[in-house]
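The values are calculated or read from the model by the stated rules, or taken from the named source; none is laboratory data. Please read these numbers as outputs of a predicted model, since none were measured by experiment. Cβ: placed from backbone, ideal geometry, glycine included. Neighbour counts: every protein chain shown.
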Amino acid sequence: MKENEKDKLRQSTPIKTNSTDDNPNQKRNKSNPNLSHEVILTQTIYQLRIILIGDSNVGKTSLVNRFMGYDFESNYKCTISADFKIKSISISSEIGAELTVWDTCGQERFRSMTRQYFKDAQGIVLVYDVGELESFNNLSVWLKEIKNNSNKDPEIVLVGNKIDLEDRKVTKEKGMRFAEKNNLMYVESSSKEGINVDSPFEKLATALVNKIKENPEYNLNKNEGNKNYDDRNLIEKNREKEVKCC
């Protein structure tokens with residue numbers, strides 16, 4: 001078997017670890033005791049690809065960095081198109097997930113470059129700023145982008161970010177109605193205060209694992225027409241210069 005065929009097989013198949021040792025120091029998630037940010041060695045691990053999208057400055061980079069365990073910062077740099085990070089979480093005592101999380105730039109002038117990341121995304125975190133009405137009004141534009149550019153039928157969670165702001169322009173009820181109308185999961189968060197920064201990713205991971213268990217063909221790397229697709233290669237291809245973003 002050729003090396004690239006071996007890589008594809010490893011990426012598209014759930015991984016069952018060999019060790020039978022349990023981890024007594026496993027850190028449980030307070031909001032859901034079945035979820036953890038450490039993987040038990042006896043788990044079957046599902047590899048999942050998730051992207052964050054939404055207007056510029058809604059807090060996408062802050063949200064993913066908080067999920068990864070970093071402190072909040074008011075300003076971040078991101079690449080022109082996207083950047084990605086990887087994190088493993090536990091969904092249950094038997095199942096874990098390795099998340100490759102793409103943080104895309106929301107600026108309109110880079111939209112054509114970020115569309116390529118929709119192609120094989122299984123899960124999407126669609127973010128708006130509850131203090132910026134325009135970012136909420138543009139959600140329909142982002143849903144259209146998903147429909148036109150995704151090869152899969154992605155699970156989507158809508159995130160109303162920056163709920164720490166005093167001058168809120170979009171109510172929780174309005175966000176929930178939009179999510180319900182478009183069949184989206186819904187979360188409100190504050191990257192600054194660390195409120196619900198894990199929840200969007202946990203909801204997606206749980207939904208995606210259930211989806212894959214029901215339909216094994218919904219795996220990580222089908223990549224029809226793109227045999228050389230690789231996260232590291234894709235990010236290096238577009239890493240030409242940096243801009244202020246998100």
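Key figures
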item: Which listed residue is modelled with pLDDT of 90 or more, under 22 Å from Pro154 (Cβ atoms) and either of a type in the set (S, T, N, Q) or in contact with a Ser or Thr (Cβ under 9 Å, 6 or more places away or on another chain) (or both), from Leu99, Leu35, Leu126; result: Leu99
item: Matching residues, the range 160-205, being farther than 19 Å from Ile53 by Cα and within 15 Å of the chain's Cα centre (by Cα); result: none
